[in-house]
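First the structure, in the form of structure tokens, and then the observations on it.
The values are calculated or read from the model by the stated rules, or taken from the named source; none is laboratory data. On a predicted model such as this, the values are computed, not experimentally measured, just so you know. Positions of Cβ are generated from backbone atoms using ideal geometry, with glycine treated the same way; all protein chains shown enter the neighbour counts. The protein model used for the area step is the full one, side chains on, heavy atoms only, and it has no ligands, DNA or RNA in it. Shrake-Rupley method; radii C 1.70, N 1.55, O 1.52, S 1.80 Å.
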Amino acid sequence: MPPPPPPPQGAMATGAANHPLPCSVGRPKGTNQRRRPASLSVRASSDANTVTLLDYGAGNVRSVRNAIRHLGFNIRDVRSPEDILAADRLVFPGVGAFGSAMDVLNRTGMADALREYIRRDRPFLGICLGLQLLFDSSEENGPVSGLGVIPGVVRRFDSSEGLIVPHIGWNALQITKDTQLLQGADGHHVYFVHSYHALPSDANRDWISSTCNYGESFISSISMGNIEAVQFHPEKSGATGLSIFEKFLSPNSSGAKAPAHRKASKLAKRVIACLDVRSNDNGDLVVTKGDQYDVRDHSSSKEVRNLGKPVELASQYYIDGADEVSFLNITGFRAFPLGDLPMLEVLRCASEKVFVPLTVGGGIRDFTDGSGRYYSSLEVASEYFRSGADKISIGSDAVFAAEAYLQTGVKTGKSSLEQISRVYGNQAVVVSIDPRRVYVKSPDEVQFRTVKVSSKGPLGEEYAWYQCTVSGGRDSRPIGAYELAKAVEELGAGEILLNCIDCDGQGGGFDIDLIKMVSDAVTIPVIASSGAGSVEHFSEVFEKTNASAALAAGIFHRKEVPILAVKEHLVDSGVEVRMQ
């Protein structure tokens, strides 16, 4: 994982200073101003409803905050090493790169405080990098020494044999130790997103409370006394994850969880609900749906199709069992100051109710607002992450970056894709590809990768290449989907959202030819999009391609095909999915 951004002044972010007020209905304009801390040296207390959070200012920890508050607890932020030692319960949701995190911890004196806190066997919960930092060292940009609490080295997953890296999605735990934290988690999927992992060994065997299999068996959680840490993200693992959080925060609570419909056994295929968000003619944000990217009704009104309110729909899809929720901002809002972008408020509100991953795309680029203030794409992405996004999706900007890279063979490091993946890690960056099918009689007619299509073209053509577009499908570019996918993987993308303009809104199924071509070509996850019209289309794309996830919009919005019906069909078809 690339290094996180520089920490805020004073090395530790204060939650009160860096996080907006909780979402509320009818909030007047201007009330999302950030609160200032009442004191610069607040210490952890013995308040039974207060949790101390170690947040050094990198990435999205808003979801952890929301989960803690959702369970009825307050948060005290670490501002000094003494705050760690004074904590009654400490949560460390590590974000970013191993080396950069250790640099911050060592430079601020937090590393020694953490070691002492753990030596005293005080209640501790590490999340993701918060688990990895407990080990002796990591090979990530290293070797780099860790806290040295647990014997072992953190290594990258090996993709040389075709394993998809990062490991993104809902995987099953193999519980090896009877711990209160994981009671009820057996048989359920939890959400992982990482490229590095710690391996079990004789030296660390006593620490391990569960393992997970992805190419090989790796450590998914540890437990020793009051010290707990997990590689997965409980704050993004739905009801199961909230139950795990509750057991740490309230050790005497049962945190009961209903039995799973089917015992989890391996990495699940994901079903993602997508919400296209834009302003209608009255200026209200609505969820809409296009027909080959046209979002206006074909009636005399020509109004933007209004299929619901973004936060309400996202919350319902979470309840219905969506594995992720993706927002696509299809209105520019370029005249707005960055802090007032309407999608930020949508994210803030949704993240308080939706405890699965949130992705946002659209408008992730450099822009200048109406007052002449310039914002870099990294600033835009950072604001989305702080507002609750777990991943951001880049479209047009990634196409231009890929074209430049293929022409020169040089990674400048200046594109939005490269900058954001370097700061937040490639697992946080999705590239959205919007191609249009172009039929040819022979592969020799074009310089781009072609496929032999399942259905012949209008003139009997047996082959096609997929020409990429920008600006919401309006402008075609001289690059194919295959070439673009390969290039953005090299530039730092961690996932590909693969659309198809020809199939969008048609309900005839995913473009299997396109998805198979791209998912066979890259070693990062591919999300199949565009064309779903029935439950059978989901099983078809998983059975015939290497897609890791399938996304739909209109059929969910119009209640034509419920998410639960999709998952039950996939279970019947022998496809591993997460069932609530």
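Miscellaneous remarks
- Residues being part of a helix (DSSP H, G or I) and of a type in the set (A, V, I, L, M, F, W, C) - total across the stretch 425-453: 1
- Selected residue (only one of Arg89, Arg115 is more than 28 Å from Arg422 (Cβ to Cβ), charged (D, E, K, R) and free of Cβ contacts under 8 Å to residues at least 40 places away in the same chain): Arg115
- Within the stretch 175-221, being on the phi < 0 side of the Ramachandran plot, open to solvent by less than 60 Å² (accessible area, probe 1.4 Å) and assigned to a loop (DSSP other than H, G, I, E, B) holds for Lys177, Thr179, Leu181, Leu182, Ala185, His188, Ser195, Leu199, Pro200, Ser201, Asn204.
- Some residue of the stretch 396-419 being under 24 Å from Asp323 (Cβ atoms) and β-branched (Val, Ile, Thr): no
- Residue within the stretch 269-277 that is within 26 Å of Val431 (Cα to Cα), modelled with pLDDT of 65 or more, buried (at least 21 other Cβ atoms within 10 Å of the Cβ) and basic (Lys, Arg) present: yes
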